[in-house]
Amino acid sequence: MEAQSKPPRRRSLMLGNFVHSETREQLGFLLDAAIAVDERGKIVDMDNGSDDVKTAKKQLLCRLGWDEHDLDVYACRRGQFFFPGFVDTHVHAAQYPIVGVFGETSLLDWLDKHVFPCEQRFADDKVARQVYTACVRRTLAHGTTTAAYYATTHVAATKSLADICLGLGQRAFIGRVCMDRDLGPAALRDPSTRESLERSDEVTRYINGRDAQDRLVRPILTPRFALSCTRKVMSGLDERHREHELPIQTHMSESPREVEDVARLYPEAGSYAKVYDEHGLLTASTILGHCIHLSEGEARLVGERRAKVSHCPCSNSALGSGEARPFDPGGGQAGGPRQQTPGDEGPGRGGAQTGQPLGRAGLVSGHERYLATRGGAKVVGLEHTVGGFQVGMDWDAQLVGLHVVGGGGEGEHKDSGNVDLFEWDLCNWKTIVAKWVYNGDDRNTKMVWVKGRRVHKR
């Protein structure tokens, strides 16, 4: 399948209000500002010091020597602002058809009852293209500009996912799932360790060959979890990680039964985290899904290896797996995972926290905005590329539009979702952002850009 032909990027000028997380605690507001994006999709200049947006626009065009007629110009209306695109650090694209379907089962029973039967359908590449297209379109519509995707064991289907991300313009990490141990149906397992590694190599070569210039889509090594992979396949993936500097994604300590089964399968390791560590899979470029039931020693080991955690709260809640522990930013590297991100199979909510375990304490209000953008970018190794509005970063962003209530209770804009803004809200940007974060949905995502190219419009 060939990626859809995309028009060449044009220079763009973004005008209006911009909101992003400057730090975990601090939001940054660029009001009545202008941002210039070049034909490479990079932010090349900004004006945030003028009295109004018209002056900011004029100043920026003058400094750059750009002609407005050669640009795409996007301007905010009332109730609108630009926000960085979401980074979702853990998405099972093949499970998109069963999102919300969990019944009254635990993790391993859910895999047998729902997940594996669904994933077997991806032996038919027509099914794969249908599902993956719907999944990528849906995540883009929610403002997810970057996603770390798990595919299935199927080579052709995984290649199709890469093609679809390229064609629709989403930034993505694509992983063919490795399963060479006798867990799950035979039709879904790799026939042997050798074939498991060879199939992953084939997908890696394909993705690298399809997008060598932009690197919008990249391969990621994906052992499903320790129960589905032999020692040889984990060691083989470590070799590929070191030789080609490929990132890794897998699952760890999602449910108590899973942890117990890993202990029985690898008794000499001493812990789930040590299984991965002994096979070279616990690295600074590893994303670990869930990690709910970590011991203190495992948390320290993950922190020492500078691995990241994508804790997936929706899945954890639905399957009754438990709650991931937040980490205190002041705790330091050795206290726990360097990055902790709430990825899930829905709209991107990636992020990062660092430090010492806090027991059952919750997130500090406001951190989720950081977790969804800059934090998620750190987890996938793109913190210097996406997640905020700074010169030199790529323009991965969304235009958010909220419903402004008129004098008679009616709205100024149609189809603007659940959020109602009143006149007294419009002068308080923290209130505006909070109402969107906690009440908004895809109806508020008016436009989405990835690397300067508009990929979604509502």
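Where a number appears in this text, it was derived from the coordinates with a stated rule and is not lab data. The shown structure was predicted, so the numbers you read here are calculated from the model rather than taken from an experiment. Because the Cβ atoms are built from the backbone with ideal geometry, glycine has one as well, and the counts that use them run over all protein chains shown.
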Partner lysines whose C-alpha sits under 25 Å from that of LYS446, ignoring same-chain residues fewer than 8 away, are LYS6, LYS42, LYS54, LYS57, LYS414, LYS430, LYS435, LYS457
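Just the projected area, averaged over all directions, of the convex hull on the alpha carbon atoms of region 86-331: how many nm²?
Numbers: hull surface 50.4 nm².
Average projection, Cα convex hull of region 86-331: 12.6 nm².
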Karplus 3J(HN,Hα) series, Hz, for region 246-257 with 6.51 cos²θ - 1.76 cosθ + 1.60 (x for Gly, Pro): 8, x, 10, 9, 7, 10, 7, 6, 7, 9, x, 5
Multiply the residue gap between ARG205 and GLU268 by 0.36 nm, knock off their C-alpha separation, and tell me the result in nm, one decimal place. 19.1 nm
Tell me, what HN-Hα J-couplings in whole Hz come from the Karplus equation 6.51 cos²θ - 1.76 cosθ + 1.60 at θ = phi - 60° for each residue of region 193-207, using x for Gly and Pro? 4, 4, 5, 4, 5, 5, 5, 5, 4, 4, 5, 4, 4, 5, 5
What is the fewest-to-most order of VAL203, VAL433, VAL87 by other Cβ atoms lying within 10 Å of their Cβ? VAL433, VAL203, VAL87
Under the Karplus relation 6.51 cos²θ - 1.76 cosθ + 1.60, θ = phi - 60°, what is the ordered set of whole-Hz ³J(HN,Hα) values for region 226-242, x standing for Gly and Pro? 4, 6, 10, 10, 7, 4, 5, 5, 5, 5, x, 5, 4, 4, 5, 4, 6
In nm, give the distance between the simple-model label positions of LYS126 and ASP70, each being 7 Å from the Cα along the Cα-to-Cβ direction. 4.9 nm
